[in-house]
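Structure first, then comments.
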Amino acid sequence: MGTQIVAVGDDVSRVAAAFRGAEMVFSRFDPASELSLLNDNLRRVARVSDSLAACLAAAADMRGRTNGLVDPAVGNAVAAWGYDRTIEKVRDRTRPVVPAGVGSWSIAGNEVRRRPGIRLDLGGIAKGWTADEMVTGGTADVVSAGGDVRSNRPETVVTIADPWGGVAAKVVLGIGGLATSSSSRRSWKVDGKHAHHIVDPRRMAPAISPALSATVTAATAVEAEAGAKAVLLHGDRGLAWAEQQDWLRAALVTWHDGSVYATTGWEMAA
């Protein structure tokens with residue numbers, strides 16, 4: 001999945017195997033993955049496996065809760081802006097030809113309906129969903145998939161890194177999920193200007209925000225992942241939006257100037 005997986009439990013080898021299996025389902029860089037095959041399928045209706053269907057259902061739920069701000073249907077735009085291969089192979093480029101807007105899609109049971117040509121990018125949602133599956137299924141007590149954390153241990157403490165490798169905060173997560181969304185981790189240049197992998201579906205272009213990173217806690221890693229991305233996309237209104245969401249517990253942002261701001265709801269660790 002292009003990131004580091006950390007697990008705490010009695011048999012972490014099962015977690016490693018599960019994430020290898022998840023990559024075969026969710027990767028958009030592997031042409032043989034189930035998601036790639038779905039994206040290449042031009043039929044309006046396609047049947048998918050239970051795993052892909054469950055992850056897409058979670059993504060559809062997060063799309064609804066964020067009023068469309070977190071939508072996997074931006075896949076074509078993400079690729080057009082340059083993130084069309086694993087991040088270590090991404091190169092600077094000239095301005096792309098970007099699709100006009102997000103296309104419609106839906107999931108019902110194991111059946112996906114979408115406009116032909118739409119490419120879905122599950123990205124962080126797939127990492128969070130897999131971490132949730134590992135913990136709720138009892139395979140591990142704590143899983144961190146590239147910073148998307150799901151914990152079943154009350155004593156779990158997470159250090160939130162800032163975009164420059166420092167520490168923004170050290171918090172008690174306990175039982176629940178935490179995720180960080182950042183525009184600085186996976187970035188390159190387009191026409192000499194900064195570009196990154198977080199595409200704003202309202203503009204079909206990399207998000208423009210005063211926040212470089214956003215961290216959110218919630219009941220699950222999927223909710224935290226979607227919440228963090230939405231906070232980042234909301235920009236200077238991100239924390240106010242987060243405080244209005246009853247499915248989010250707390251949010252924290254680091255701005256371009258290094259300032260750190262947060263909502264209530266955090267328990268800081270010593």
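Of the residues screened, residue 27 is not one that is surrounded by 17 or more Cβ atoms within 10 Å (Cβ to Cβ), modelled with pLDDT of 95 or more and either of a type in the set (Ser, Thr, Tyr) or over 18 Å from the mean Cα position of the chain (by Cα) (or both).
Beta carbons closer than 7 Å, at least 6 apart along the sequence or on distinct chains, pair a first residue in region 196-218 that is in contact (Cβ under 8 Å) with a residue 40 or more places away in the chain and under 24 Å from residue 144 (Cβ atoms) with a second that is among the charged types (D, E, K, R) and part of a strand (DSSP E or B) for 217/249; 218/249. Residue-level check: of (1) under 18 Å from residue 128 (Cα atoms); (2) part of a loop (DSSP other than H, G, I, E, B); (3) modelled with pLDDT of 95 or more, residue 154 misses just (1). Pairs meeting the criteria (first residue in region 82-103 and free of Cβ contacts under 8 Å to residues at least 40 places away in the same chain, second residue not polar (S, T, N, Q), beta carbons under 7 Å, at least 6 apart or on different chains) are 97/80; 103/73; 103/114; 103/115; 103/118. Looking at this structure, is residue 154 touching a Leu at 6+ places or on another chain (Cβ under 7 Å) and either surrounded by fewer than 15 Cβ atoms within 10 Å (Cβ to Cβ) or more than 24 Å from residue 233 (Cβ to Cβ) (or both)? So residue 154 fails the test. Residue check: residue 156 meets all listed conditions (1) within 30 Å of residue 173 (Cα to Cα); (2) of a type outside the set (A, V, I, L, M, F, W, C); (3) in contact (Cβ under 8 Å) with a residue 40 or more places away in the chain but one, namely (3).
Per the listing 262, 242, 251, the residue uniquely of a type outside the set (S, T, N, Q), at pLDDT 95 or above, under 17 Å from the mean Cα position of the chain (by Cα) and within 14 Å of residue 160 (Cβ to Cβ) is 251. Criterion applied to 214, 224, 270 was being touching a Lys or Arg at 6+ places or on another chain (Cβ under 9 Å) and in a helix (DSSP H, G or I), and the one residue passing it is 224. Tell me, please, whether a residue that is over 20 Å from residue 230 (Cβ atoms), in a loop (DSSP other than H, G, I, E, B) and not β-branched (Val, Ile, Thr) can be found in region 117-127. Looking for residues that are over 20 Å from residue 230 (Cβ atoms), in a loop (DSSP other than H, G, I, E, B) and not β-branched (Val, Ile, Thr), one finds at least one in region 117-127, hence yes.
Residue by residue, here is whether (1) in contact with a helix residue (DSSP H, G or I) (Cβ under 8 Å, 6 or more places away or on another chain); (2) touching a residue at least 24 places away in the same chain (Cβ under 8 Å) holds:
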site: 13; (1), (2): no, no
site: 23; (1), (2): no, no
site: 28; (1), (2): yes, yes
site: 44; (1), (2): no, yes
site: 48; (1), (2): yes, yes
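Quick check, is residue 77 within 25 Å of residue 18 (Cβ to Cβ), assigned to a helix (DSSP H, G or I), of a type in the set (A, V, I, L, M) and in contact with a strand residue (DSSP E or B) (Cβ under 8 Å, 6 or more places away or on another chain)? Judged against the criteria, residue 77 is not a match. Filtering region 161-200 to residues that are in contact with a Ser or Thr (Cβ under 7 Å, 6 or more places away or on another chain), modelled with pLDDT of 90 or more and farther than 19 Å from residue 234 by Cβ leaves 167, 170, 173, 174, 175, 176, 177.
The values are calculated or read from the model by the stated rules, or taken from the named source; none is laboratory data. Because the structure is predicted, anything quoted here is derived from the model rather than measured. For neighbour counting, all protein chains shown are included, and Cβ atoms are generated from backbone atoms with ideal geometry for every residue, glycine included.
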